[in-house]
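Here's the structure we're looking at; comments come further down.
The values are calculated or read from the model by the stated rules, or taken from the named source; none is laboratory data. Not measured: the values here are computed from a predicted model. Positions of Cβ are generated from backbone atoms using ideal geometry, with glycine treated the same way; all protein chains shown enter the neighbour counts. Accessible surface is based on the protein model in full, side chains and every heavy atom, while ligands, DNA and RNA are left aside. Shrake-Rupley method; radii C 1.70, N 1.55, O 1.52, S 1.80 Å.
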Amino acid sequence: MSHVIHRSLAQVPLVAVGGKGVELFDQAGKAYLDASGGAAVSCLGHAHPDVLAAMHRQLDQLAYAHTSFFTTEVQEALADHLVTHAPAGMTDVYFVSGGSEAVEAALKMARQYFVEIGQPERTHFVARRQSYHGNTLGALAVGGNEWRRKQFAPILMDVGRVAPAYEYRDRLDGESQPAYVARLLAEIDTKFQELGPDKVIAFVAEPVVGATLGAVAAPAGYWQGLRALCDRYGILLIADEVMCGMGRTGSLHAVEQEGISPDLMTIAKGLGGGYQPIGAVLAQRKMVEAMRRGSGMFQHGHTYIGHAMAAAAALAVQQVIQRDQLLPQVLARGAYLQKQLHARFDAHPHVGDIRGRGLFWGVELVQDRSSKATFDPAFKLHAKVKAQAMAHGLLCYPMGGTIDGLHGDHVLLAPPFISSEAELDQVVERLGDAIDTVLAQQPVAA
Ligand code: PLP
């Protein structure tokens, strides 16, 4: 009998008792190859000795001091590290305890910025369908995942909604990629006009969509066009890199590959690699200067912001990534994983698309490849694949989402940056076996 309110109230999950490198162990002693790091969190795997040592040192020194009284050396050192490696102009950092908190802080900082510079009439956010920005009310409001939003919709702020950049399903037959990008940007422009471009605070999007679509990057030119469009109207651009950031795609930040710098960027998951809960907002200097010259403060705060233990863990994770040159390794191993996924699934009748960057990959499952028809939601394919993968000793992150009224299933892979080629072979093999086992158990309706 568990007194914990678990995610599923129908079933108490297995008990995890240990982790080492790319593996997690349950109470029965079974080992699981952790190919999703939870939800793209455990970038260095489990029990990394250098991270543990740094955490022990910090614990001996100071676990926590409230930020209204003190800063700490470790918080300052982490901020220095992040700013040194940030996209152009991002000079300041606000620490929080996770991804949703980072998104909330970014939304509020964006709003406060306009109040400080004398544009209080800006009150709207615009974001995309099939996006996920977190589960707190502000983050849930900007997120476009209908399943998660549905019962809370009446209490969420109104957000302007546009299409995701989802080439596999939304680029029309015969439409060139530049024409598709132009169409997406035109829709955003129309939405800005509809709301009034001087009433919009910010556009919020994930550079590589994680949970809701499964590692979907926008086509070339989208982010540059978006940056230009926001600049035209003085609208802020918020890049949510909670899942795709901190090296996951092979560059420290996914926006680096788009050649743009956002006004605000949220990071979390891979920042602390799961060793401690931590997230952050990176901000352009102008944002912080406006608050400094104006009210003199950012009107926000939580008890645990800038937590010393969390900062120590994150600093150690980031230093290991730099010292061991793991970003080039993510690119190399990512290219290997891509090759192996294609080798295993290119001819698979129920794999419609394989997409991703670095060590962040999505495999979309379809009932029919030519029509891209999805499986019946009642089949709960994603949940079955997750259970079967665990039976095969693999942790992956399958999701089923609503794609404009259709139900789609995909599997997200986010293995640790330290994964070897042999371990990635195992990931692909076990995933293939899990998918085939599930589909063999259930006749696929024509
Ligand atoms: N933003 C993105 C892009 C995410 O993927 C997530 C979580 O999956 C969040 C925000 C919310 O982060 P957290 O679950 O740490 O609150």
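Among the numbered conditions (1) modelled with pLDDT under 95; (2) open to solvent by less than 40 Å² (accessible area, probe 1.4 Å); (3) not small (Gly, Ala, Ser), the only one that residue 11 does not meet is (2). Selection of first residues in the range 224-252 that are over 30 Å from residue 325 (Cβ atoms) and of second residues that are in a helix (DSSP H, G or I) and hydroxyl-bearing (Ser, Thr, Tyr), restricted to Cβ pairs under 8 Å at least 6 apart or on distinct chains, gives the following pairs, ordered by first then second residue: 236/113.
For beta carbons closer than 6 Å, sequence separation of 6+ or different chains, a first residue in the range 112-140 that is hydroxyl-bearing (Ser, Thr, Tyr) and a second that is more than 11 Å from the ligand (Cβ to nearest atom), the qualifying pairs are 113/287; 113/290; 131/144. Count of the range 127-139 residues, restricted to those that are open to solvent by 10 Å² or more (accessible area, probe 1.4 Å), closer than 19 Å to residue 410 by Cβ and within 11 Å of the ligand (Cβ to nearest atom), is 1.
Test of understanding: among 39, 35, which residue is open to solvent by less than 70 Å² (accessible area, probe 1.4 Å), at pLDDT below 95 and either among the aliphatic types (A, V, I, L, M) or within 25 Å of the chain's Cα centre (by Cα) (or both)? Step by step, each of 39, 35 is checked, and only 39 is open to solvent by less than 70 Å² (accessible area, probe 1.4 Å), at pLDDT below 95 and either among the aliphatic types (A, V, I, L, M) or within 25 Å of the chain's Cα centre (by Cα) (or both). Only one of the listed residues (369, 292, 285) is without any contact (Cβ under 8 Å) to a residue 60 or more places away in the chain, more than 15 Å from the ligand (Cβ to nearest atom), farther than 24 Å from residue 209 by Cβ and out of contact with any Asp or Glu (no Cβ under 6 Å at 6 or more places or on another chain). That residue is 292. Residues of the range 281-302 include none that is within 23 Å of the chain's Cα centre (by Cα), modelled with pLDDT of 95 or more, of a type outside the set (A, V, I, L, M, F, W, C) and surrounded by 24 or more Cβ atoms within 10 Å (Cβ to Cβ).
Only a single item in (1) touching a strand residue (DSSP E or B) at 6+ places or on another chain (Cβ under 6 Å); (2) buried (at least 20 other Cβ atoms within 10 Å of the Cβ); (3) not hydroxyl-bearing (Ser, Thr, Tyr) is not met by residue 199, and it is number (2). The condition of being closer than 28 Å to residue 95 by Cα, open to solvent by 40 Å² or more (accessible area, probe 1.4 Å), touching a residue at least 12 places away in the same chain (Cβ under 8 Å) and part of a loop (DSSP other than H, G, I, E, B) holds for only one of 6, 66, that being 66. On the stretch given as the range 416-437, residues that are farther than 17 Å from residue 248 by Cβ, open to solvent by less than 10 Å² (accessible area, probe 1.4 Å) and polar (S, T, N, Q) total 0.
A quick yes/no check of all residues on (1) in a helix (DSSP H, G or I); (2) among the small types (Gly, Ala, Ser); (3) within 16 Å of the ligand (Cβ to nearest atom); (4) open to solvent by 50 Å² or more (accessible area, probe 1.4 Å):
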{"site": "83", "(1), (2), (3), (4)": "yes, no, no, no"}
{"site": "103", "(1), (2), (3), (4)": "yes, no, yes, no"}
{"site": "114", "(1), (2), (3), (4)": "yes, no, no, no"}
{"site": "122", "(1), (2), (3), (4)": "no, no, no, no"}
{"site": "141", "(1), (2), (3), (4)": "yes, yes, yes, no"}
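In summary, residue 246 fulfils each of the numbered conditions (1) within 11 Å of the ligand (Cβ to nearest atom); (2) within 11 Å of the chain's Cα centre (by Cα) with the single exception of condition (1). Of the residues making up the range 218-243, just one is more than 13 Å from the ligand (Cβ to nearest atom) and within 15 Å of the chain's Cα centre (by Cα), namely 218.
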